[in-house]
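Asker: Here it is, the structure in full.
The values are calculated or read from the model by the stated rules, or taken from the named source; none is laboratory data. These numbers come from a predicted model, not from an experiment. Backbone-built Cβ (ideal geometry, glycine too); neighbour counts: all protein chains shown. Side chains included, ligands, DNA and RNA excluded: accessible areas come from the protein's heavy atoms. Shrake-Rupley method; radii C 1.70, N 1.55, O 1.52, S 1.80 Å.
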Amino acid sequence: MLDAFRPLGRRIKAWRRRGDALVLDPVRRVTRVALPPGDRVAAMTFDDGPTAAPPRAGGDQGLTMLLAEALESFGAAGTFNVIGSTAGNYPDRPGRPGSAYWNGLRYDHYPAFGRDREAGLEHQPDLARRLAAGGHELSNHSYRHLLFGPKPLVYWRRAWFSGSAEALADLHRLHEAIRLASGREPALARPPHYVDVTRDGWTAYDLYDWLGYTYLAASFDGGGWLPSTGSFRRDVEAMVEPLRRALDHDPDGLRGQIIFQKDGYNMSGEAPVAEALPRHLEVLHRCGYRVVTVSELLDRSPFADVEPDQPAAAAARRLVEAGFAAAYRDNTVRPDRPMTAAEAAVTMLPRQAWLEALAARTGWTLPPRLQAGWMRRTAPAPGWPGGTPGGGAPGRAPGGAAPAPGRRGSRGAYLYAQAWAFLQAVTGTAGPAGGRRQAPQPAEPVSGPLLAAWIEAWLDAAVSQGALDGAEAGRRLESARRALPAGSGPLPRGTALAALAEALAPDDTGAPARTRL
Ligand SMILES: [Zn+2]
């Protein structure tokens with residue numbers, strides 16, 4: 001049953017991923033990154049812990065400790081994608097071992113049905129503290145490990161969050177627990193079983209946007225979740241072989257990759273990962289790899305398609321760190337593609353204006369401006385006092401429809417409409433582009449002179465709103481203009497991003513970020 005549907009599931013996923021590639025989004029879904037040649041670095045994620053239970057019945061050491069010690073003995077660090085507790089997920093009944101329901105029919109239970117107190121941050125705070133002290137990273141895998149929404153093909157018996165508000169409250173609860181246990185704000189999150197869409201039509205991207213998370217995916221499967229072959233020994237080998245083969249085939253093959261591992265049992269209630277991990281690490285070590293946390297990997301190189309020393313990567317990184325959507329949802333920058341007018345608008349949409357639009361659309365009550373700690377990647381300069389300039393309703397986009405205020409629908413379409421309306425308001429009130437110039441269609445490429453005019457209007461609006469002083473705006477405009485060609489041909493995204501970074505996320509101040517959140 002499960003297997004019969006997998007190919008279809010894969011096709012649907014592949015189709016959705018292709019769509020992702022085309023949407024600029026403040027939330028990037030990270031599967032792997034592009035590293036400079038020879039830079040053999042990879043990351044590992046460990047899902048569903050922390051786990052005090054031993055890897056097999058009768059063992060006396062807990063799984064998470066074994067994993068942490070294995071990592072540390074190789075000088076490695078992991079990203080532990082933790083849960084809060086599954087103890088509230090009753091009444092429930094155990095499912096068939098080896099099936100997707102192995103740990104419960106209605107809910108997941110970790111480390112196993114009826115043993116919920118042996119795992120999760122709520123019951124094992126010492127393990128969380130121990131992980132943080134060992135240099136490992138904790139990320140948000142949801143408190144109760146409930147599906148964000150229905151997934152009828154594979155998990156038709158499973159319960160899901162009633163809607164986005166419940167999912168958000170659950171994520172927030174674990175966010176706080178991680179912060180308390182580790183002393184650090186989590187920056188990454190992965191939905192249980194990668195189910196993205198909530199019952200009321202929102203997505204993991206909306207939730208993660210609100211919380212300031214990057215969507216943590218993976219590119220290489222460590223295999224520790226698969227049902228047993230009937231022999232623990234063979235299960236360990238089945239985990240080690242694919243990784244060994246991959247590196248035999250190409251010793252550079254795992255550079256920049258995120259390797260998925262379990263901090264818990266496989267579908268047969270055992271944890272071969274406890275023995276497979278040291279061997280994975282040994283093989284990687286022999287090939288000269290360093291294994292780091294995902295945040296450190298992203299710090300080395302944020303994007304999937306451009307190496308960090310390329311100018312387009314540096315510009316996109318500055319914009320992203322300041323809260324602007326400079327990369328596609330699939331974490332690519334695509335510097336050679338022409339930048340469209342709508343894309344320029346999305347990248348120029350200030351973080352605060354977007355969060356306000358998101359709040360108005362979702363009706364979520366958690367006030368982001370009170371959560372300054374979550375917002376370290378939001379637009380520090382210039383902060384907009386609020387909403388669209390002028391404070392009125394967003395204007396009708398030139399050549400396009402006004403954004404619909406509906407609750408459901410495509411996040412990408414809403415983001416683009418909102419950005420288009422914002423840009424129209426900026427250029428209409430303060431710049432030449434909306435008035436004297438003929439505005440382009442959203443799908444048309446922008447030229448150097450047009451982008452320069454938009455940047456000027458944007459900076460003018462920031463000055464008139466009191467978010468930026470005039471001299472600083474002038475300096476930024478000059479730097480941006482220097483980055484732009486005078487010709488009217490289509491502008492490659494790399495060039496456009498370089499100019500936008502000069503204008504929106506300048507590199508030249510050592511001053512602390514200025515925020516109005
Ligand atoms: Zn999980």
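Asker: Considering only the range 139-184, how many residues are among the acidic types (Asp, Glu) and either surrounded by 16 or more Cβ atoms within 10 Å (Cβ to Cβ) or touching a strand residue (DSSP E or B) at 6+ places or on another chain (Cβ under 9 Å) (or both)?
Answerer: 2
Asker: Being assigned to a helix (DSSP H, G or I) and within 16 Å of the ligand (Cβ to nearest atom) is the filter; apply it to the range 146-163 and report the residue that is nearest to THR362 (Cα to Cα).
Answerer: Within the range 146-163, the match that is nearest to THR362 (Cα to Cα) is TYR155.
Asker: Anything in the range 196-225 that is over 17 Å from LEU146 (Cα atoms), part of a loop (DSSP other than H, G, I, E, B) and aromatic (Phe, Trp, Tyr)? List them, or say none.
Answerer: TYR213, TRP225
Asker: Identify, from the list ARG255, ARG244, ARG279, the residue that is among the basic types (Lys, Arg), in contact (Cβ under 8 Å) with a residue 24 or more places away in the chain, open to solvent by 30 Å² or more (accessible area, probe 1.4 Å) and within 16 Å of LEU63 (Cα to Cα).
Answerer: Of ARG255, ARG244, ARG279, the one residue that is among the basic types (Lys, Arg), in contact (Cβ under 8 Å) with a residue 24 or more places away in the chain, open to solvent by 30 Å² or more (accessible area, probe 1.4 Å) and within 16 Å of LEU63 (Cα to Cα) is ARG279.
Asker: Here is a further query. Being hydrophobic (A, V, I, L, M, F, W, C) and within 30 Å of HIS285 (Cα to Cα): is that true of ALA42 here?
Answerer: Taking the combined requirement at face value, the residue satisfies it.
For every residue, the table says whether it meets (1) among the basic types (Lys, Arg); (2) over 25 Å from VAL30 (Cα atoms).
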| site | (1), (2) |
| --- | --- |
| HIS109 | no, yes |
| LEU121 | no, no |
| LEU146 | no, no |
| LEU174 | no, no |
| ARG184 | yes, no |
| ALA187 | no, no |
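Asker: Taking the condition of being modelled with pLDDT of 95 or more and open to solvent by less than 20 Å² (accessible area, probe 1.4 Å), how many residues in the range 96-124 meet it?
Answerer: Looking only at that region, the number is 11.
Asker: Okay, moving on. Checking the structure you have, find out if any residue of the range 219-239 is more than 24 Å from PRO50 (Cα to Cα) and buried (at least 17 other Cβ atoms within 10 Å of the Cβ).
Answerer: Among the residues of the range 219-239, not one is more than 24 Å from PRO50 (Cα to Cα) and buried (at least 17 other Cβ atoms within 10 Å of the Cβ), which makes the answer no.
Asker: Are any residues in the range 90-127 charged (D, E, K, R) and in contact (Cβ under 8 Å) with a residue 60 or more places away in the chain, and if so, which ones?
Answerer: ASP108, ARG115, GLU118
Asker: Please enumerate the residues belonging to the range 196-221 that are within 14 Å of the ligand (Cβ to nearest atom), under 27 Å from ALA246 (Cβ atoms) and touching a residue at least 40 places away in the same chain (Cβ under 8 Å).
Answerer: Residues satisfying the conditions are LEU216, ALA217, ALA218.
Asker: Name the single residue that is modelled with the lowest pLDDT among those in the range 450-506 being among the β-branched types (Val, Ile, Thr) and open to solvent by 10 Å² or more (accessible area, probe 1.4 Å).
Answerer: Ranking the qualifying residues of the range 450-506, first place goes to VAL463.
Asker: So, one more: Which residues, taken from the range 164-195, are under 13 Å from HIS145 (Cα atoms), within 16 Å of the ligand (Cβ to nearest atom) and touching a Phe, Trp or Tyr at 6+ places or on another chain (Cβ under 9 Å)?
Answerer: Answer for the range 164-195, where residues must be under 13 Å from HIS145 (Cα atoms), within 16 Å of the ligand (Cβ to nearest atom) and touching a Phe, Trp or Tyr at 6+ places or on another chain (Cβ under 9 Å): ALA167, ASP170, LEU171, LEU174, ALA189, ARG190, PRO191, PRO192, HIS193, VAL195.
Asker: Shifting gears a bit: Could you check ALA326 against (1) open to solvent by 40 Å² or more (accessible area, probe 1.4 Å); (2) within 17 Å of the chain's Cα centre (by Cα) and say which number it fails?
Answerer: Single failed check for ALA326: (1).
Asker: In the range 49-89, how many are closer than 28 Å to HIS175 by Cβ and either within 14 Å of the ligand (Cβ to nearest atom) or assigned to a loop (DSSP other than H, G, I, E, B) (or both)?
Answerer: 20
Asker: May I pose another question? Could you list, in sequence order, all residues of the range 258-276 that are assigned to a strand (DSSP E or B) and open to solvent by 30 Å² or more (accessible area, probe 1.4 Å)?
Answerer: The one that is assigned to a strand (DSSP E or B) and open to solvent by 30 Å² or more (accessible area, probe 1.4 Å): PHE260.
Asker: Of everything in the range 170-179, what is of a type outside the set (Lys, Arg) and touching a residue at least 24 places away in the same chain (Cβ under 8 Å)? Give them in sequence order.
Answerer: Answer for the range 170-179, where residues must be of a type outside the set (Lys, Arg) and touching a residue at least 24 places away in the same chain (Cβ under 8 Å): ASP170, LEU171, HIS172, LEU174, HIS175, ALA177, ILE178.
Asker: Where the second residue is assigned to a loop (DSSP other than H, G, I, E, B) and the first is free of Cβ contacts under 8 Å to residues at least 12 places away in the same chain and lies in the range 137-153, which pairs have Cβ atoms under 8 Å and are six or more apart or on separate chains?
Answerer: No pair meets every condition.
Asker: Okay, next question. Assess whether LEU284 counts as being assigned to a helix (DSSP H, G or I), aliphatic (A, V, I, L, M) and farther than 22 Å from ASP250 by Cα.
Answerer: The answer is no for LEU284.
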